[in-house]
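The values are calculated or read from the model by the stated rules, or taken from the named source; none is laboratory data. Please read all numbers here as calculations on a predicted model, not as lab measurements. In this analysis, Cβ positions are derived from the backbone assuming ideal geometry, glycine residues included, and neighbour counts consider all displayed protein chains. Just the protein is used for accessible areas: all its heavy atoms, side chains included, with ligands, DNA and RNA removed. Shrake-Rupley method; radii C 1.70, N 1.55, O 1.52, S 1.80 Å.
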Amino acid sequence: MLSLAKQGILLVAFLLACELTFIGTLAWLLSQAEEEAARQERAREVSARAGRLMLVMYDTGDAVGRYARSLQLGTADSVSASKEEVPVIISWLKNELKDNEEAIALLNRIDENITVCLPVITDIQGKSATLAEPGAKAAWDKKRETIQPMVNQLVKDIPALIAIGQKLESTGPDLERATRRQTQIILIVGLLLNLVVAALIAYFFTSRISGRLEHLAENVSRLEAGENLRDLMDGNDEIATVDAVLHETATAMRKEMTMLKASEARVRALIENLPVSIAMLDSNGNIEFMNSTLEESFDYSNHQLMGKRLSKLFASGEKIPDLVANTQSRSPRTTELRALCRNGQTFPAELTMSAIEMDGAHKTLALIVDSSEKFEIKQMRQAFVAMVRTELKEPLTKVSSFFNRLQSNALGEINSKTAETTKLMQQNIERLVLLLNDLFDLDKLESGKIEIEPAAESLNSIFERSLNAVTVFAQKHKVKLEAQPSPAMLTVDGNRIVQVLVNLLSNAIKFSPAGSTVTLATRESPNHIEIGVIDRGRGIPQSQLQAVFIAYRQVEAADAHKKGGTGLGLAICKAIIEAHNGEIGVNSEEGKGSVFWFKLPRSNGGSA
């Protein structure tokens, strides 16, 4: 099938051909009318010329008769005849009536008779002066008797010729009326035919197009409703092409729907079988979906929890409504709570909530993880830390005090070898005590038992206390310290920020070459103050930048032995800064040094 554009071109071409045919017919009818008018004009001319011929011959015959009568009366009237006009008339009539055999026969006979009669008449006219002589009249009578039959024939033939001319002239109006009727019929028929053809073509074209468009519209509706489409439309026009695209789209959509349903089934099975209790809350905080793990963990059926508040799943006193209200942030929030089963039993759980958007509505996704095992491990760790603190730190402190007394010769003088050994043991004990102190601090920070007590404090004061704490250490390593003064005021726990700066400055001094400078700098913004510790040391590999704040991790394994340290300092710094709602990080390039920085909000309520 041709395209719609080509079909339209063919339709226009066909209609144009019909119009051209109609115009051609009108042109032919016009030419016929003109020819008929010319024929009418010639018929009138033929009739006129035939009448003229008869008039000329009548006048000639009348003149001859008058001449004969005058001779009888003894007078001699003149006789005139047109030798020139008669042949011209006959010649013209022969040319105009050449298709009329009857007229040509009459004209030939008239021409022959006139050819014989005219010389005689002309001769009589020339001898009119001598006819009075004796014997002349008898001669003329003899000639007259000779041409009389011809004259008689002319008297018959010329009226017959005139009758032919009149007949031709009289048939003209009839032919003209017939021609007009024929023209009218042809015009009416042609117009009706054009209208009928145009209507048929328009009906055929529009009905076919409308039918195909209805087919297409129905397929679009079926595609939207997810139903099977009608058979593929035949042809290769634009509508058929769109229909083919619809079928391809429907096929692709069916495949996608099949894959989507399979994927949805897999996701649903995964959600249902995850060892995590999952609940979806509406914008009001009511449960509108839960997985089977939640039902099994809390001993509830689906209908018993649908539409209920999430607080039903936790022990009284837990601030679930406040937590739900705070989940308008996209960042997930995790809280340790006591979960409450239907039978009244409780267990420790971690509740993670995050705001999501589904179908234009705000929802809250709640994940409840049974943390009983984690809670037991945490308790065991706390018990272990307490035991270490009681059973190990205090004895080590006493041993360290003993070695101090021994080195000071308070217990008697010792030799140099014993003094060196005692010094080495003292350093190891101090390192062990430092490790235990860091371990206790980290445990307090992670358990939330360490208190952050924010108060307004000058940043210059914090810098001064931090630099004073590491000045001797810097002199020992021949490293220069400098700080950029800042009049800014912060609402922080000053002692904890000093602890962070001392740790960062100590690390910078340890890893800086002798003669270099460690700089304490600040950068301020409307809401935050950024503090940086800049060294010119060996730098940190890019692969280690994210690991330096992990407990017990150091850039090189030998650093603990060569430089000292427990590997907990940066982890403690990170915990302190995050407790102040701040952020800590490092920028470094190997061979060029490092910048350890942290950001603190200008106003901070702290956390416990």
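Taking 0.36 nm per intervening residue step and subtracting the Cα-Cα distance, what contour gain separates Lys156 from Ser458 on full extension? Write out the running numbers ahead of the final one.
Details: separation 302, 0.36 × 302 = 108.72 nm, distance 15.41 nm.
Difference between extended and current length: 93.3 nm.
Averaging the inverse of every distinct alpha carbon separation and then flipping it gives the Kirkwood radius. What is it for segment 202-249, in angstrom units?
Values: mean 1/r = 0.0914 Å⁻¹.
About 10.9 Å for segment 202-249.
Using packing as a proxy for protection, rank 334-342, 353-361 so that the peptide with the highest average count of other Cβ atoms within 10 Å comes first. Intermediate results must be reported in sequence, preceding the final value.
On the way: 334-342: 15.9, 353-361: 11.8.
Top to bottom by mean Cβ count within 10 Å: 334-342, 353-361.
Express the accessible area of segment 193-315 per residue in Å², computed with a 1.4 Å probe while the remaining protein chains stay in the model.
61
Starting from the Cα-Cα distance between Leu55 and Ala17, subtract it from 0.36 nm times their residue separation and give me the gain in nm to one decimal.
8.1 nm
Along the Cα→Cβ direction, 7 angstrom out, place labels at Lys255 and Lys378. What is the inter-label distance in nm?
It works out to 5.1 nm between the two label points.
On a full-extension model of 0.36 nm per residue, what is the gain between Arg222 and Asp234, subtracting their alpha-carbon distance, rounded to one decimal in nm?
Full extension of this stretch gives 2.5 nm more.
Would you mind putting 221-228, 154-161, 11-18, 242-249 in packing order, based on average other-beta-carbon counts within 10 Å, highest first?
154-161, 242-249, 11-18, 221-228
Using a 1.4 angstrom probe on heavy atoms only, work out the carbon and sulfur share of the accessible area of segment 179-303 in %.
62
Show me the ranking of peptides 212-220, 573-581, 463-471, 189-197 by mean Cβ neighbours inside 10 Å, starting with the highest.
On the way: 212-220: 15.6, 573-581: 20.6, 463-471: 17.1, 189-197: 12.4.
Going from most to least packed, we get 573-581, 463-471, 212-220, 189-197.
Grab the other residues whose beta carbon is less than 12 angstrom from that of Leu305, score K and R as +1, D and E as -1, and report the net.
Local charge sum for Leu305: +1.
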